[in-house]
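Report on one structure; see the data block that follows.
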Amino acid sequence: MSSSFQNLEGLNFSDQIIFNQFGRGREEPAPFQLIHKAFESIVDQQPNVVAVEQEGNILTYQALENAANQLAHRLISLGLQPRQRVCLVVQRSLPMIVAMLAVLKCGCQYVPLDGQVTAESALRHIIKDTGAPFILCLERFHDKVQSLADPTTSKVLVLDSQPNQFTASPRLQIECSKSDGAYAIYTSGSTGPPKGVDVSHGNVTNLLTSYPGNLNIGRATLVAQLLSISFDMGQWEIFATLMNGGTLLIRTSDWKHVLKKAHTVISTPSILGSFPRNEYPNINVVAVAGEPCPQALADDWAEQAEFYNCCGPTEVTIVNTMHKHSQGRELSIGKPLPNTSVYILDKNENPAPIGSTGLMWVGGAAVSRGYLNLPELTSTRYKLDKFKNDGSIMFNTGDLCRWRPDGSIAHEGRADDQVKIKGFRVELDSVAASIEATPGVTKACAIFTEKVLWGFYTSAKFIDEATVKAVVAERQPYYAVPANFRFVDLLPMTVNGKVDKRALIASIGVQASTPAVVITAPAPVVIAPENEKQMLEVAVHSLDSTRQGSIDSDYSEKFQLPAKHGYHGLRALRHRIFSLYRRFFSVVFIFNAIAAVLMGYFGKAGRHLENMSTAIGANLCMAVLMRQEIVINFLFKIACSVPTSAPLWLRQNCAKVYHIGGLHSGCGVAALIWLIIFTVTATIKHNHTAVLVVSYILVTLLAAMVCSAHPKLRIKYHDYFELTHRFAGWTALFLFWVQTILAAEASRGSDTLGHALSISPAYWLLLVATLSVILPWLNLQKVEVRADVLSPHAVRLYFDYTIAEVGTAIRLSERPLLEWHAFATVAKPGLTEFSVIVSNAGDWTKRQINNAPTKLWVRGIPACGVLRIAPLFRSVVLVATGSGIGPCLPVIYARKVPARVFWSTPHPETNFGTEICDAVKAADPKAVIHNTKTMGRPDMVAITYQLLRESNAEAVCIISNKKLTQMVVYAMEARGIPAYGAIFDS
């Protein structure tokens, strides 16, 4: 076990413990110390497996081994000495892979340089800086390299000048250690000449021969090789594959060909975001690094693949932290990798308090050997690890980070992106993240130049600057809101796939001198790059064609959300605590209290128990009737018969008819209370023993039903709630009959039992309740179903056994005694067939999607739901999330009530099909269809209000989950706007 970190005296005791727990990755020895030895081990295990493939040309592991050995022998024969450096001026190709392995087998260090994009000045500097005695290049770069290299010190060899004849050659047995150099990556040189980072074998094998760095690559794993060889992440693609037995798919200018086959992709967020996920179903592992990843992009890919968000500069060997992201969870950069330490320090290089922001320093096996020929720079960034105090080195990454409570790390930008504006420190990455929070913005970049803060952003459809500014202003202090925003069709990228900030700065001067023009919203464009250089200039550009109805440029100013009415406490009391549902619940108790008083004053002596039985029966009957489809439909029909010419106050109150669930709940609880009073009274009076026994059992059953129906318990244990309600309810109903008959028998005297029952109000009330319960089951039937599987997330089920009206729902089951699931009906005008939309929300729904059922059980008749009230209004705004669009579709199809539509869901067309999307657009050409996977989470309240005001609608109807429904309904009602959504208390 490792000893504790030292020099932590500046932290309190609890933070010292956490610093030790959070700061170190797990300790485990790497199975190999040398890159080429790990590769050779794979060769011995699976010589005939394809190692590398490009455009139909393949090399098996054995063929690749033979080719590398041949080239290594040739280099040694020409005078290459161990621990020298060899420059590779290449591009993605089979010879490139051969050359990398050959140099390593010689005990030397390769310097990868992309021949197409590396500038001549940089190439000349690197050749001289490395002192490379050999330069290996592709034939297309030979003349360029020959003109730059010094013939007296460097020999130039062409890799692809002769046909490949990979005959067996013995392996070189040159002694190397894990501390020897494996490759040197030269940075872009944005602040001066390129500087080389010296990476050792041990650095690489520590990351790539164990999880998570190896990404679980193994035999039959197809790994895309997308990135430039000059980029350290390119080494991750290549060696994670070849050291673990996968197959490397080297791309050409046709990215899609490789991506459609690949299982594993390593990329920058900018590059990954330019390809729509649904076109590449084979990809099941994705790792991104190199720049901050938008939350929406991570959530999108995490739905399909294992998604790793990673962080680490070249100096700590590609990445030093990794996070396996779960959809919907907060994105982090993860935890330290094996044999790696992470320290978050203040500006004095002392530990920052846990949870505070500081600079991330990295120690352990990840830290590279330093900068080539730059001892002074190395000494400022690489320092002795004072926390281990064992002579090892730690490196200052320049990343601003903090520890989260779960031991993962939150990334808050870079120190070199921290600027001062009006005396305040501003993180440019934080500003960019706020811009990306604007619905529809796929990528953003903040730049501070000439004392002006700029915000650049791109999206599939034009989004005006005012909309973006409003979003940023909500998330940033005034001084961190860019003075200038600029929409660009494409954000330029560097050769490594990151946003090119220098190109953006250069564009400012050009664009500033251009006369102002009115920009119209551009249509989505799919860019097919003709060559790699063009691809490197392609910015993040979403290809999702489902983004409709972006909010117009002046909405946020034209329709500002007004203040809520009244005082906060009174407002919450009225709209939340005393909702109509709960008021109905309270009315039940008021009437029962009045009944109790009347019984006490006017009830006949000796008939208290009979009166209590009547009260129990009345409440029980009412509770059952409020859940009877015929009664529900009758009440809705009366309420919804009010014409639209009637005053709005009358119509908006009639529209709340669906709150009748409060009567059901109130009567159920009141029946239990009356039963308890009855049982206690009967016990005191030493009533009929059998009646008492039955009463106690009934109290237990009804108490179980009422407790399990509490909203929190019902949601958490829904299956148990349903079984309890059904079987305990049936048992209770039977026992009520037993109790009623026993009570009548005990009190009938000389009367017949039949006559005694016939004059008992409890008997008739119980009879009505029983018939109400039985009636839907008399209509139990197994019906034909036509299933249309829309996607792995949704299925549309079609029925024709009855006629469904707008705003109704049916219940479906596979096992009628055990489970029932309610779904809104979708009926089209003039058709007898109707449908329901089932989305993946649990085991039962997933089973329907996977199995596409042909028959299902139904019972009762379609019952009215919330959207049955839509015809009460002259126009409405329909708000839906996910499959909530289903209940809205009958209103949309019928087109009797003009409606604006706001639908927020992941990938609408992919998950729900074009027919539904087209129906929405046909009913509302300006419908806002918000793709949450590419556009992030929308401001539900603001957009709903904007649509309401734009259309002059009379009401808002929302079908969503509990949290969003209650939020939108309260936000509207608190501003005097009629709003309606499902009741989750019932």
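Tabulated results
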{"item": "Options Asn282, Asn278, Asn348; residue that is surrounded by fewer than 24 Cβ atoms within 10 Å (Cβ to Cβ) and either charged (D, E, K, R) or more than 29 Å from the chain's Cα centre (by Cα) (or both)", "result": "Asn348"}
{"item": "Residue list for the range 819-838, filter: touching a residue at least 60 places away in the same chain (Cβ under 8 Å) and either assigned by TED's automatic domain parsing to the domain that holds Arg726 or farther than 16 Å from Lys782 by Cα (or both)", "result": "Phe823, Ala824, Thr825, Val826, Ala827, Lys828, Pro829, Ile837"}
{"item": "Qualifying residue in the range 301-313 (condition: surrounded by 23 or more Cβ atoms within 10 Å (Cβ to Cβ), over 19 Å from the mean Cα position of the chain (by Cα) and on the phi < 0 side of the Ramachandran plot)", "result": "yes"}
{"item": "Positions within the range 806-818 being surrounded by fewer than 18 Cβ atoms within 10 Å (Cβ to Cβ) and either in contact (Cβ under 8 Å) with a residue 60 or more places away in the chain or in the same structural domain as Lys896 (by TED's automatic domain parsing) (or both), in sequence order", "result": "Leu817, Leu818"}
{"item": "Given (1) at pLDDT below 95; (2) within 17 Å of Cys310 (Cα to Cα); (3) surrounded by fewer than 23 Cβ atoms within 10 Å (Cβ to Cβ), index of the condition Pro212 fails", "result": "(1)"}
{"item": "Boolean, Thr268 is among the hydroxyl-bearing types (Ser, Thr, Tyr), buried (at least 21 other Cβ atoms within 10 Å of the Cβ) and either under 18 Å from Leu222 (Cβ atoms) or without any contact (Cβ under 8 Å) to a residue 60 or more places away in the chain (or both)", "result": "no"}
{"item": "Helices (runs of 4 or more DSSP H) wholly inside the range 34-136 that include at least 1 residues being closer than 14 Å to Phe239 by Cα, hydrophobic (A, V, I, L, M, F, W, C) and in contact with a helix residue (DSSP H, G or I) (Cβ under 9 Å, 6 or more places away or on another chain)", "result": "35-45, 61-77, 94-105"}
{"item": "Residue pairs meeting the criteria (Cβ under 7 Å; at least 6 apart or on separate chains; first within 16 Å of Tyr658 (Cα to Cα), in the range 577-590; second at pLDDT below 75 and surrounded by 13 or more Cβ atoms within 10 Å (Cβ to Cβ))", "result": "Tyr581/Asp985; Tyr581/Ser986"}
{"item": "Residue, modelled with the highest pLDDT, within the range 769-801, restricted to residues that are outside any strand (DSSP E or B), crowded, with 18+ Cβ neighbours inside 10 Å and among the hydrophobic types (A, V, I, L, M, F, W, C)", "result": "Val785"}
{"item": "Enumeration of residues in the range 666-691 that are at pLDDT below 85 and either under 57 Å from the mean Cα position of the chain (by Cα) or surrounded by 16 or more Cβ atoms within 10 Å (Cβ to Cβ) (or both)", "result": "Ala682, Asn687, His688, Val691"}
{"item": "Every residue from the range 460-518 that is among the hydrophobic types (A, V, I, L, M, F, W, C), at pLDDT below 80, in contact with a helix residue (DSSP H, G or I) (Cβ under 6 Å, 6 or more places away or on another chain) and part of a loop (DSSP other than H, G, I, E, B)", "result": "Val495"}
{"item": "Candidate set: the range 276-323, residues that are of a type in the set (S, T, N, Q) and outside any loop (DSSP other than H, G, I, E, B); chosen: the one farthest from Ser200 (Cα to Cα)", "result": "Asn278"}
{"item": "Residues satisfying the stated conditions in the range 265-288, i.e. in contact with a helix residue (DSSP H, G or I) (Cβ under 6 Å, 6 or more places away or on another chain) and small (Gly, Ala, Ser)", "result": "Gly273"}
{"item": "Every residue from the range 679-723 that is in a helix (DSSP H, G or I), out of contact with any His (no Cβ under 9 Å at 6 or more places or on another chain), touching a residue at least 60 places away in the same chain (Cβ under 8 Å) and more than 22 Å from Tyr581 (Cα to Cα)", "result": "Asp719, Leu723"}
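Yes or no, residue by residue, for (1) free of Cβ contacts under 8 Å to residues at least 24 places away in the same chain; (2) of a type in the set (S, T, N, Q):
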{"residue": "Glu9", "(1), (2)": "yes, no"}
{"residue": "Phe13", "(1), (2)": "yes, no"}
{"residue": "Ile17", "(1), (2)": "yes, no"}
{"residue": "Ser41", "(1), (2)": "yes, yes"}
{"residue": "Gln54", "(1), (2)": "no, yes"}
{"residue": "Leu59", "(1), (2)": "no, no"}
{"residue": "Gln62", "(1), (2)": "yes, yes"}
{"residue": "Arg85", "(1), (2)": "no, no"}
{"residue": "Val90", "(1), (2)": "no, no"}
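Here's the yes/no breakdown for (1) outside the structural domain of Gln652 (by TED's automatic domain parsing); (2) assigned to a loop (DSSP other than H, G, I, E, B); (3) surrounded by fewer than 19 Cβ atoms within 10 Å (Cβ to Cβ):
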{"residue": "Val897", "(1), (2), (3)": "yes, yes, no"}
{"residue": "Ile916", "(1), (2), (3)": "yes, no, no"}
{"residue": "Gln946", "(1), (2), (3)": "yes, no, no"}
{"residue": "Met972", "(1), (2), (3)": "yes, no, no"}
{"residue": "Gly976", "(1), (2), (3)": "yes, yes, yes"}
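The values are calculated or read from the model by the stated rules, or taken from the named source; none is laboratory data. The structure displayed is predicted, hence computed values, not measured ones. Glycine also receives a Cβ, built like all others from the backbone with ideal geometry; neighbour counts cover every protein chain displayed.
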